[in-house]
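The values are calculated or read from the model by the stated rules, or taken from the named source; none is laboratory data. It should be emphasised that the depicted structure is a prediction, and the values quoted were computed from it without experimental measurement. Cβ: placed from backbone, ideal geometry, glycine included. Neighbour counts: every protein chain shown. Each accessible area value is taken on the protein alone, full model and side chains, heavy atoms only, with ligands, DNA and RNA left out. Shrake-Rupley method; radii C 1.70, N 1.55, O 1.52, S 1.80 Å.
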Amino acid sequence: MATRIKQTTRAQESTNAIERLYITMRHLLNRGFYKPSGVSGNALRSALLVLRPEIYGSIAEEKAELNGLIYVLERLPEGIEECRFINLTSDEGFSKSHLKPIIPPKRRRNCYRIDDEQMNIEITRGRSDIYDILTHLTFLFVESGKISKRVLVDDGKATIRDWEKLVEFVEKEEKEDAEREVALIHTANILGRTYEEVVEMHKKLETTNKKDRFLNVVYWLGKLAIEEEISGNKRTITFSPLLRERLGHHIHGERWAETIKNTLEEQNLLHRPIHIISANMHSVMNSLFARKALSEEFPNSKSLDIYEALSSADNKEFQRKVKTWAEENGMIFLDDDSGANIDIQIFDSAKFGKGACCYDFDEEIQQDEKPVIFVMDYAFGEQAYETIDELLKPLENNGSKQFLNVDSISVMGKAGILEGGKGDLMIPSAHIFEGTADNYPFENELCSTDFEGHNLKVLEGTMVTVLGTSLQNKDILKFFKESTWNVIGLEMEGVHYQKAIQSASKIRKSINKEVKVRYAYYASDNPLETGSTLASGGLGTTGVKPTYLITDRILKQIFS
């Protein structure tokens, strides 16, 4: 009797593609370099094309993917499309040179344009950062190859007229609006997109200093790919020896944690109940003090208007006033210079002035028992393990160990939701690590009933910690959603936080084994819905309500 072989599903193919991507990336890191048009580069490219992540839209089609292009450009340094050589380095002292750092708007990483052909990118946040960069670069090389393929004719001996007209416009010094429109028409044909779509992307990338950034990006992506094809001038990605040597050794996390613990010791706070919150640098401070600091400007104490106003970049004066109020009432701000790129706020409730804080708590409690709220900015992927693991180790002085009195650890942030829309809430009961058998169940101090009556959908269940948000497609996500794992969303840090917490509390015993944990996420996107991925744009004011609702519940539990 013939055995029937079961067909591989798209979810399985996608999982295999992700695995191939990461194995290839780790191999390239160990090897020290690769060429995007070489065998290794093609392995990355083919795996990404099999995967076809939602965030990269039409990557596998002949036409250019425009939303994905903008998403990637916001996370890579400006000018990277012009560089033939991209060098990933450790923190190797470039900040002490004459070179000015280029910081991408949506990723905190220092990048340096060494010369016309080379860009150096500093990696201080671990492997997740490298995977993120290599995935985005692979997307750029795929799009670059599409342009070259459409532009080159006659077996690569000539280029089409549209390309020649774009080159003519970009290389021109004085440019008029009518000429720009004509150049955009030619570009639309090169990219296989409508004129309307191309104009929209042109406006999104336009800046005061670089009016034609979109056209320049298309020009350089095409130019370098064409030169590779014709003259063999291949682009190269390298990993510095120091980066390969330092990776995984917690150098930046150790430096970061040491500064914090020394500050806590100087302020005589190590023995006090410490509540760690991983969040942004505004919601805890604003929740604690904004309604009091801005009572004249916002007399309605129950309105969200105050937080919406504070989230606007135009209201610098309101933000300054709240920060000043917070500093006058015991807030210490540590501007991180360790390379971890994670700033810190420490709130000493013993120094809150009478009536200065927006929360009621027992003011009769002894000074030694008053809570210290420690807020750390968001970590990135595996960096969450590095930072929390180092932070929870005891402070060592002259051979003696001083343990931190950690009472609770709360993690809030954005995540992709699998059922619902932007702004809805996810309360996890476990984190599972994509592509491994690692799973971390825990007792969450937060639950769905804490958020009832606010017109937001609240899901409880399992969160998947993914290797990269830009490596998910609908097939994998549908499998997660429909499986018995009861997956409600995906993010990048949960497993790494919980791994560090469990090892500190249950194995090393450096903190209380009954430490309370709180996890809550609000939806930044629903990758299962067309047009609702991260590439479709930010949350805007939609994120204000869930952000402050989660912050409020965490603070109420701390003060109760």
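Below is a table of values for the structure above.
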| read-out | value |
| --- | --- |
| Yes/no for Leu477 being at pLDDT 85 or above and closer than 30 Å to Val72 by Cβ | yes |
| Filtered residue count, the stretch 449-473, keeping only those that are in contact (Cβ under 8 Å) with a residue 24 or more places away in the chain and open to solvent by 20 Å² or more (accessible area, probe 1.4 Å) | 9 |
| Any hit, the stretch 289-306, residues being open to solvent by less than 20 Å² (accessible area, probe 1.4 Å), closer than 18 Å to Asp377 by Cα, small (Gly, Ala, Ser) and in a helix (DSSP H, G or I) | no |
| Residue identified as in contact (Cβ under 8 Å) with a residue 24 or more places away in the chain, hydrophobic (A, V, I, L, M, F, W, C), in contact with a Ser or Thr (Cβ under 7 Å, 6 or more places away or on another chain) and in a helix (DSSP H, G or I) among Ile476, Ile488 | Ile476 |
| Single residue of the stretch 504-524 satisfying the filter (open to solvent by less than 20 Å² (accessible area, probe 1.4 Å) and not aliphatic (A, V, I, L, M)) that is nearest to the chain's Cα centre (by Cα) | Ser524 |
| Of all residues making up the stretch 402-423, the number that are over 19 Å from the mean Cα position of the chain (by Cα), open to solvent by 20 Å² or more (accessible area, probe 1.4 Å) and under 24 Å from Ile558 (Cα atoms) | 4 |
| Top-ranked residue in the stretch 474-503 [being charged (D, E, K, R) and under 13 Å from the mean Cα position of the chain (by Cα); ranked as surrounded by the most Cβ atoms within 10 Å (Cβ to Cβ)] | Glu493 |
| Condition check for Asn398: among the polar types (S, T, N, Q) and free of Cβ contacts under 8 Å to residues at least 12 places away in the same chain | yes |
| Ala257 vs. criteria of a type in the set (Gly, Ala, Ser), part of a loop (DSSP other than H, G, I, E, B) and either open to solvent by 60 Å² or more (accessible area, probe 1.4 Å) or in contact (Cβ under 8 Å) with a residue 12 or more places away in the chain (or both) | no |
| Evaluation of Met426 against (1) at pLDDT below 95; (2) assigned to a strand (DSSP E or B) (one fails), failing number | (1) |
| Residues located in the stretch 264-288, provided they are surrounded by fewer than 16 Cβ atoms within 10 Å (Cβ to Cβ), in a helix (DSSP H, G or I) and touching a residue at least 24 places away in the same chain (Cβ under 8 Å) | Glu265 |
| Residues of the stretch 99-121 that turn out to be in contact (Cβ under 8 Å) with a residue 60 or more places away in the chain and open to solvent by less than 10 Å² (accessible area, probe 1.4 Å), as a count | 1 |
| Selection count, the stretch 226-242, where residues are touching an Asp or Glu at 6+ places or on another chain (Cβ under 9 Å) and part of a helix (DSSP H, G or I) | 1 |
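Table: residues versus (1) over 21 Å from Ala225 (Cα atoms); (2) open to solvent by less than 30 Å² (accessible area, probe 1.4 Å).
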site	(1), (2)
His27	yes, no
Arg31	yes, no
Pro36	no, yes
Arg52	yes, no
Gly57	yes, no
Leu76	no, yes
Glu82	no, no
